[in-house]
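Here the structure comes first, spelled out in structure tokens, and everything after it is commentary.
Since every read-out is calculated from the coordinates, none of them should be taken as a lab result. Model, not experiment: these values are computed from the prediction. Here the Cβ is made from the backbone with ideal geometry for all residues, glycine too, and neighbour counts use every protein chain on show.
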DNA sequence: TTTTAAGCGAGACGGTACGTCCTGTCTTGCT
DNA sequence: AGCAAGACAGGACGTACCGTCTCGCTTAAAA
């Protein structure tokens, strides 16, 4: 517990400068080439100030997400009535976002951080992919209840496959991925 | 072409020692904590010997794959006649392999390497995921020709979703993924 | 000018440890075998700490001289009235000092540093031999004024020859050098 | 002893190429920056060929001297009848030679080699300075016998001082040394 | 008001890994 | 047996960051 509030309060200016610098470097160079040193240099803060508030690079990223400084491709899942159309819209929105090099870079950086350490993976999942996954499950369940999905189909399986498709696309630059519509159609198409 | 054969020939012993050491460290610590220094130390070789043959860490991994020193979860896609049963078998085999911590660690290491640099991603994709993807597409196409898949479904989309599901599982440790059967059923189930 | 006093102050302990280690290695192994690596190892400091304060090995030696950690054979020139007796005393003192292997080793190390690079030669000359040379010139001039030297004899020439004799002795181990008295007698003897 | 003469004879071409390359590098960069690697590269020979015939860098230098590839400032001591005039001529010739940067560089390189290791010092002394010293002693003795030197003056002391003066000059670039005539006059002047 | 305590920038500390260069040795095929 | 070529283990180089530490200087609540 932060018992006392004596002493100089934390500088909001420094905090913002650090997060902004981290975001820039992350986008420019990726997670591995993101160094505390450079964050401090760019943000005009001391290295110790960073270590005081964040134990690891991953926690800075986490804060970046919380602060909304990182526009993640985590578009809300629409609900217009048609499950197939809604999921297609969502996947298309994600795909469009990923065409922005900055978005793609940040996404890859997050994958790097997650793949490098299961602990960070859990943290980042709970802040990024987790909620999106839940939204998808909810939307699919609703569609299933409305009879827009074959009854035996598992909504979690569909959500996993959708997000997995996004990950696959992010990790295979230059490859020729299937169209969003085709993926959704395969997953929830009626026949 | 191997132009000259003059000079001392490359030491197969050193080559194997380096690859073996790299494999061990990769499994133990992951891609980021894999250092050339430690590979040299563990393998009893000189650092220069590593740099002479591999320009980057990723290329060592690539050789590891080529040498079969890395048992990747890239099981062959079976062909027993039933598309749904075959894909389920394949996905179950992968899932089983990933339950081995060493397998999972190596897989995450490859994802780290790929996510860190698009160039390495391309290289590793062509050596690992690419061929698997192609096998899947082939098997699905065959099943489609045999009328075991709804006609409008894109085989590439299905392959993307299947591999994506594996990636998603690898990146979300502790999460509760959908069963292989459920995923395949969602993708290629008849109704 | 010491601009800022911000930041952690330079560690005097580290500075001394580095200079001491350098002095030991210099005496043991000579200038060429003196490595930054070993200085760091012996002194228990980081290599970077050395590079932070000294750009080259020669500058460490220079500091060693300034700090008096190096007892150079640069005895003060006595002044008892008799020029010939004083110069002989001085040369004998130097010769005696050079009989100490450590002294001889350090002297040879300085010669190595100087002969290896004119820039370092200038630096080291200004800190070591230069002042001694000046003292000699002064003493000789005084003796000349007192009529203890043939009038046409150049005091600089005598000083050059005296120091040169010392250098020659240092560079010819095992040789049978002339006695100090004989050298001085040749240089400033009257008849 | 080179007992057998079976097998391929030593390549004179390689030997010359190595010595020439060594001489060039020595003059350009000095003794410390002279590497076996570069000698081999420049001479178009293999590194092993160098190691086969010379155990150390210093021995290459020694061969260089023997081969006359190194024009040392070791002019013959003239004998025209006047000791003072002859020694002055000799010292002037040396000084003139040292004004050639290449000469000076090679001389400094030899001093580096000698000061770095007493063993090399002995070797090089016996090949370079030793004979010169002997010539000086002989010439001075002859002059002394002819009554051109104060009787009590030691010829070895004079030779030491003369050569020492040369060394001193070589090690103090930029300094303003005494004129050759002044040095000789101080040493052997009559009054 | 003074303390007093914490945050801040700066920057030095002991370390580790980097990628390069050179060492001295070794092992080829050719001469 | 010598040669050029070139790989080998080893080790120092100088650089970049790491995570920690210690300065002088704010800054604001508590005394």
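Odds and ends about this structure:
- Residue exposure sequence - C:45, D:129 - by fewest surrounding Cβ within 10 Å: C:45, D:129
- With respect to chain C, whose longest principal axis is taken over its alpha-carbon atoms, helix C:101-116 is tilted by about 80°.
- For peptide A:118-128, the mean count of partner chain Cβ atoms within 10 Å of a residue's Cβ comes to 3.
- The simple spin-label model puts a point 7 Å past each Cα toward its Cβ; for residue B:146 and residue A:53 those points are separated by 6.0 nm.
- Applying 1/(1 + (r/R0)^6) with r as the Cβ-Cβ distance of residue C:36 and residue C:67 and R0 = 22 angstrom yields a FRET efficiency of 0.75.
- 0 to 90° range, to nearest 10: angle between helix D:129-145 axis and chain D longest Cα axis: 20
- Counting, for every residue in D:174-181, the Cβ atoms of other protein chains within 10 Å of its Cβ and taking the mean gives 4.
- Euclidean distance of C-alpha centroids, region B:61-140 and region A:131-191, integer Å: 21
- Each of C:183, A:151, A:132 has some number of other Cβ atoms within 10 Å of its Cβ, and from fewest to most they run A:151, A:132, C:183.
- FRET efficiency for residue C:76 and residue D:119, using Cβ-Cβ distance with R0 set to 45 Å, rounded to 0.05: 0.85
- Note on the protein assembly as shown: helix-only mean residue ellipticity at 222 nm, from DSSP H runs of 4+ residues weighted -39500 (n - 2.57) and normalised by residue number, equals -21500 deg cm²/dmol.
- Cα-based helix-to-principal-axis angle, A:155-171 vs chain A, degrees rounded to 10: 60
- Using a cutoff of 8 angstrom between alpha carbon atoms and counting only pairs six or more residues apart, the relative contact order for chain B works out to 22 percent.
- If R0 equals 30 Å, the separation of the Cβ atoms of residue B:10 and residue D:126 corresponds to a calculated FRET efficiency of about 0.10.
- With a 10 Å cut-off around each Cβ of B:9-20, the average count of Cβ atoms from other chains is 0.
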